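The values are calculated or read from the model by the stated rules, or taken from the named source; none is laboratory data. The structure displayed is predicted, hence computed values, not measured ones. Heads up, the Cβs are rebuilt from the backbone with ideal geometry, glycines too, and the neighbour counts pull from every protein chain shown.
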Amino acid sequence: MSTHGRGPIRSTLAWLEERAGLGGAIAPTLDHPVPRSTASWWYVFGSATLALFVLQIATGICLALVYVPSADGAYQSLLYLNYQAPFGWFLRAVHFWGSNAMVAIMTLHMIQVFLWGAHKYPRELTWIVGVFLFLCTLGMAFTGQILRWDQDAYWGLGIGASIASRAPGIGDTMVQLLLGGPIIAGRTLSRFFAVHVFLVPGILIGMIGLHLWLVLRIGINEWPMPGRAVSRETYRHRYEEEVHKDGVPFFPYAARKDMVACGVVVLAVVLCALLFGPFGPHGVPDPTLIDAAPKPDFYFLALYALFALLPPWTETVVILIGPVIAIAVLFLVPFFAGTGEKSWQRRPVAVLAVLVIVLIMATLAGLGVTVPWSPKMEAWTAAATPVRYVQGRTPLELQGALVLQNKQCRTCHSLGGEGGRRGPALDGVATRQTRDQLVRQVLQGGGNMPAYGKNLSPAEVNALVAFMGTLRP
Ligand code: HEC
């Protein structure tokens, strides 16, 4: 091939093409015909998720250049990124908002695929690989939260480990695997760093390749028409026919909307990063501060709320078996609904299932935000003791009211409807507890209440209990 008379770029490209032949391999992919109906705004969530993944890799690599994956260096390196490294705060913010957006858009993608019947024959394997991708991404989200190595991460992981340790038989092994030892220590962080930076991203990249290969091989799902049921005998033939008669080249016809969507989500993430900044880190991890209230990022809020609301005796069963069943159901969806109607207009059960799940998750997540079991830290500063609880009290009892106010009991307990909701309201406590029980509760705590034994003088305890003894409705 002569390169005579061409520009330098073209001749370089021609040189490369003659040897690598990549253009020849990519061109049929870009030109391959797809059903005209797939050029829809409903079909952009998959590529938008991919765009966010690329953004996560780019920002993740930059962060890894500075982040110190050691128990005593991690927190400092995050502060360094936040306040000293040029644009460090921005990188952290984009990585954080990108991860949130990736989980959100991927969930939309999954719901869309399900409602449009794209998991049905012959795309079952594409769905299964997709579920793997979903789980891996949640794994990235969880391990990423731990790398934020602050109070929330430390205690969140502690809770995760204690859940894992309850698994009968394999509990201890699972904790060892998760933490790299019996307790959260330096090795734990190294482990999570390796998983977050090498292991899961590697799996993700491979699986995304497989997912896209399957999409290309089998073809993008046509727009489902009510009444046009999928059957194993006729489907592929009919699809080929439709693509031949009325297909359009994937690029640029169908890819145009994808590219716009990718641009929009990336811009939205950058905008959120600029407006809201990076998240955390919240407090140096400190194993001696047990009254932390770790709260997970939004995608785990629903689970967090669920676990908190479950009656304690159901927890072990539900926490250990629930996720296994949920994941199994996700994997099996294309097997018990692999053929038949594709359009959501003819699949009331499918639509109802999605609605119910989304409603439950949203409600639980909402509960997770306004958690009744977490302390309301501003409660004690704002709320005065209601007047009717101080009227006609002895000096000792009044002093007890002061202790209750000063020791910030109301971050967790309400009085006259004002205060935290982690502990029970104290309004009628005198009818529930004897004097001795009150003393014991204050000194020893228990059931999610810190022990105040060392922080109160005997005189203060005496006054406090005298005051609480007057609290009747
Ligand atoms: C971190 C949150 C928190 C703080 C702060 C807290 N408590 Fe509690 N408290 C709880 C919880 C949770 C319970 C329920 C314990 C249980 O279920 O066994 C509780 C229970 C009690 C009870 C028993 C109530 C009942 O109706 O059975 C009393 C009395 C009590 N707390 C007094 C106090 C006093 C006095 C203070 C301040 C010195 C205080 N608490 C600070 C969380 C807290």
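Miscellaneous remarks
- Pairs where the first residue, in region 413-435, is free of Cβ contacts under 8 Å to residues at least 60 places away in the same chain and the second is of a type in the set (D, E, K, R) and more than 10 Å from the ligand (Cβ to nearest atom), C-beta under 8 Å, 6+ apart: Gly416/Arg388; Gly428/Arg472; Ala430/Arg472; Thr431/Arg472
- Tally of residues being of a type in the set (A, V, I, L, M, F, W, C) and more than 6 Å from the ligand (Cβ to nearest atom) across region 412-440: 5
- Among the numbered conditions (1) surrounded by fewer than 21 Cβ atoms within 10 Å (Cβ to Cβ); (2) closer than 19 Å to Glu222 by Cβ; (3) not basic (Lys, Arg), the only one that Leu79 does not meet is (2).
- Criterion violated by Ala185 - all others in (1) within 17 Å of the chain's Cα centre (by Cα); (2) modelled with pLDDT under 95 satisfied: (1)
- Within region 175-184, at least one residue is in the same structural domain as Met140 (by TED's automatic domain parsing) and touching a residue at least 60 places away in the same chain (Cβ under 8 Å).
- Some residue of region 198-215 being touching a strand residue (DSSP E or B) at 6+ places or on another chain (Cβ under 6 Å) and assigned to a helix (DSSP H, G or I): no
- Considering (1) surrounded by 16 or more Cβ atoms within 10 Å (Cβ to Cβ); (2) under 41 Å from the mean Cα position of the chain (by Cα); (3) more than 9 Å from the ligand (Cβ to nearest atom), the lone condition that Gln444 does not fulfil carries the number (1).
- Among the residues examined, Ile159 qualifies as within 21 Å of Leu303 (Cβ to Cβ), out of contact with any Leu (no Cβ under 8 Å at 6 or more places or on another chain), surrounded by fewer than 19 Cβ atoms within 10 Å (Cβ to Cβ) and at pLDDT below 90.
- Residue match in region 398-409 (condition: within 9 Å of the ligand (Cβ to nearest atom) and closer than 28 Å to Pro311 by Cα): yes
- Reported count of residues in region 452-473, each being near the ligand (Cβ under 10 Å from one of its atoms), over 20 Å from Pro386 (Cα atoms) and part of a loop (DSSP other than H, G, I, E, B), is 2.
- Meets criteria (in a helix (DSSP H, G or I), at pLDDT below 85 and not small (Gly, Ala, Ser)) for Trp380: yes
- Of Arg92, Arg6, all but one fail to be among the charged types (D, E, K, R) and assigned to a helix (DSSP H, G or I); the exception is Arg92.
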